[in-house]
Amino acid sequence: MYIEGTYNYYVVILSVIIAILAAFAGLNITSRISYTKGKQRFFWLVAGAIVMGNGIWAFHFIGMLSFNLGVKVEYDIPLTLISVLASITASFIAFYITMPQQVHMLKIILGGFFMASGIVAMHYIGMSAMKMPVEMTYDNGYLILSIAIAFIASYAASFLFIRYRDKSVISLEKWLSATTMGIAIAGMHYTGMKAAIFYSPTPIELTDFGIDMFLLYGVTLTIIIILFISWGAMLFDRNQYEKMAYEDPLTGLSNRHDMNRFFSNHSGETAVGVLFLDLDRFKIINDTLGHDVGDLLIKTIAARLLTFERQGKVFRIGGDEFLLVTENLNRKELEKLANEILSAMQKPYLLEEHEIYTTGSIGLSLGTIDANNPSTLLRQADTAMYYAKKLGKNRLKFYSEEIGLKETRRMQLTRDIQTALKNEEFFLTYQPKWHTKTDTLYGFEALLRWQHPKFGLISPAEFIPIAEETSAINPITVWILDEASRQAKSWHNKGVHQPISVNLSTKIFQPGNLVNIVQHTLETTHVQPELLELEITESIVLHDVDNVRKQLKEIQKLGVRVSLDDFGVGYSSIGVLDQIPLNAIKLDRLFANDLDRKQKRAIIQAILTMASALSLDVIAEGVEEKEQIDTLTALGCEIMQGYYYSKPLTANEMKEWMINQSILSLESSTEKSPL
């Protein structure tokens with residue numbers, strides 16, 4: 001007696017939907033395998049295999065629930081569990097083979113083979129687990145067809161999955177892969193069921209026995225497992241994305257994004273201390289030993305900072321910038337902590353056979369976090385840190401209103417200096433040089449001044465470093481050369497044939513076109529070359545000396561004089577003299593002081609003897625008293641510059657000074673100068 005079973009088609013449709021959803025969940029989880037490493041990769045691999053394997057198994061037994069044979073059917077528990085294990089194992093192997101980012105055709109074939117084998121094994125082991133009062137055999141044609149469907153669809157699904165796994169979760173291509181896999185499972189299952197032939201040697205009464213509760217509970221538990229793993233995978237994924245967003249990949253410390261989140265979430269009455277650490281001379285280490293050693297140094301420093309984590313949270317917010325944020329520490333405690341960190345930074349670092357020494361500068365701020373402006377304490381600590389660097393590095397500095405005002409002023413000057421030249425805020429003053437032996441004028445030095453619209457007259461000591469840092473110094477220097485040359489030409493036309501010297505920054509040498517700039521100035525202002533003099537400083541030896549020497553030689557060929565300013569206080573005073581082509585040296589103002597000391601006079605006399613041998617003029621700067629002039633003249637220095645003769649004056653004021661000194665006649669001073 002052959003028995004024909006019937007299907008509940010609503011449950012059949014449900015089984016297909018579950019198969020597709022399970023396939024999508026498994027494929028989506030395992031799509032992360034190729035982009036992870038270590039424990040994370042193993043987690044995604046196992047999770048994907050469990051979800052896919054249990055999904056296939058759940059589909060199979062939901063399909064069995066939809067089938068009514070008319071006899072009582074029970075299931076052998078060990079065989080049922082083996083069928084689950086077969087499905088999970090096959091999924092694991094298939095995913096493992098195809099998990100690399102680059103997958104060759106052989107791996108696709110192997111992956112599809114194991115996936116299809118798992119589906120087939122799970123199905124027919126599950127069928128063998130059926131215990132019923134009828135016999136079961138198979139139609140060989142449908143049996144082979146069911147196996148073929150499983151293999152063909154598994155290969156197609158594997159190919160689609162590998163090709164489109166980089167797509168977004170809701171992409172059509174991923175759903176197509178999952179649908180193909182779901183259809184493969186369903187097609188194999190229902191073709192396999194068609195292959196099953198049920199018969200009884202004796203007549204048997206057919207009865208509707210309803211749903212097998214064991215099967216129902218098993219399927220329900222399996223679906224719960226799938227949902228639980230999918231939910232856990234999403235939480236794990238979210239945690240990984242959060243680590244990527246808020247964790248520094250090199251050191252494992254919290255990054256700038258987490259710092260911003262911290263400041264946004266901690267506003268209130270709690271006192272917060274911020275320690276802003278910046279490494280000193282880290283760029284030199286990076287450039288000399290390489291970025292690999294630099295990275296190792298950063299990681300080692302991060303490890304040292306973590307030893308202070310019990311007192312606050314550590315962040316890495318930039319290349320060599322770190323932050324430690326504390327709560328409920330007073331000023332004295334915060335300063336003690338900062339000193340401990342500085343001491344820890346000074347200890348040697350043994351990295352790849354290199355013994356490295358470095359220090360840090362720390363800026364400190366203390367207060368409560370304002371909800372409307374949560375980054376205030378950070379900016380204050382940052383400002384204090386830069387101030388500590390200016391004071392000499394390897395130290396700490398607390399933020400104060402005074403520092404804040406200075407840095408605010410510096411920021412505004414940094415911004416305004418870019419437009420000061422265009423707005424005609426710069427002007428030149430001139431200080432005379434005097435030849436004591438002939439008691440005559442010996443030239444002028446042009447000195448730059450800035451009349452700021454808000455701050456008034458700005459000291460060159462304040463704005464020149466800003467101009468050099470921002471590269472505004474180059475166009476400013478060109479303007480000074482042109483303006484001083486025009487003035488020298490004007491005074492020459494009035495009968496004062498004296499050169500004007502212009503100070504040059506080392507920055508002006510770097511483009512390599514200083515000769516062209518000077519030549520253009522001479523041509524456009526029509527000034528005689530001997531009326532222009534260029535002053536350089538000894539810091540020139542820290543740059544490309546060969547390039548500087550070449551440029552200055554070309555400038556001297558034009559007829560322009562070159563002098564060395566601030567001689568005796570720089571980097572290699574005497575060593576410069578045989579490297580740079582010069583016409584004169586200017587003694588720093590410190591040589592004009594303490595002239596009653598025998599040692600000071602001996603040094604000056606030695607310099608004068610050396611300069612005479614090198615045919616260099618010597619100019620003494622900073623003379624303010626007659627006694628200084630008399631002593632220097634007696635030693636052999638005949639050219640002076642300083643307040644004794646005149647402070648720096650504007651062009652109009654200098655004209656009056658020259659009239660008073662009978663250098664310029666009143667009649668000639670009113671004549672127009674043809675330029």
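Data overview
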| item | result |
| --- | --- |
| In Hz, Karplus ³J(HN,Hα) per residue of region 398-403 (6.51, -1.76, 1.60; θ = phi - 60°; x = Gly, Pro) | 7, 5, 9, 4, 4, 4 |
| Student exercise, the chain dipole from Lys, Arg, Asp, Glu Cβ charges, in Debye to nearest 20 | 780 |
| Heavy atoms of Phe43 accessible to a 1.4 Å probe, total area in Å² rounded to 10 | 70 |
| Exposure of Thr650 as accessible area (Å², to 10), given a probe of 1.4 Å and all protein chains | 40 |
| Cα centre as origin, Lys/Arg/Asp/Glu Cβ charges: region 471-563 dipole, Debye | 160 |
| Among beta bridges that DSSP assigns inside the chain, antiparallel share in %, nearest 5 | 65 |
| Cα long-axis angle, helix 331-346 against the chain (0 to 90 degrees, to the nearest 10) | 90 |
| Accessible area of region 461-615 belonging to carbon and sulfur atoms, whole % at 1.4 Å probe | 48 |
| The chain, accessible area per residue, ligands and nucleic acids excluded (1.4 Å, Å²) | 49 |
| Entries of Lys347/Lys393; Lys336/Lys393; Lys283/Lys586 with Cα pairs more than 23 Å apart | Lys283/Lys586 |
| DSSP-loop chymotrypsin sites (Phe, Trp or Tyr not before Pro) across region 311-380, with at most 15 other Cβ within 10 angstrom | Tyr357 |
| Mean Cβ neighbour count within 10 Å, used as a protection proxy, ranking 271-278, 597-604, 448-455 highest first | 271-278, 448-455, 597-604 |
| Of Lys507/Lys553; Lys553/Lys598; Lys313/Lys389, those spanning more than 27 Å from alpha-carbon to alpha-carbon | Lys553/Lys598 |
| 25 Å Cα-Cα reach of Lys174 towards lysines, excluding residues that sit fewer than 8 places from it in its own chain | Lys37, Lys107 |
| Under 13 Å from the Cα of Lys332 - aspartates and glutamates, other chains or at least 8 residues apart | Glu340 |
| Read-out volume of the Cα convex hull per residue in Å³, derived from the coordinates shown; its label in (1) 175; (2) 207; (3) 251 | (3) |
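The values are calculated or read from the model by the stated rules, or taken from the named source; none is laboratory data. Keep in mind it's a predicted model, so treat the numbers as computed, not measured. Quick reminder, even Gly has a Cβ in these numbers, built from the backbone with ideal geometry, and neighbours come from all protein chains shown. Please note that ligands, DNA and RNA were not included when accessible areas were found on the heavy atoms of the full protein model with its side chains. Shrake-Rupley method; radii C 1.70, N 1.55, O 1.52, S 1.80 Å.
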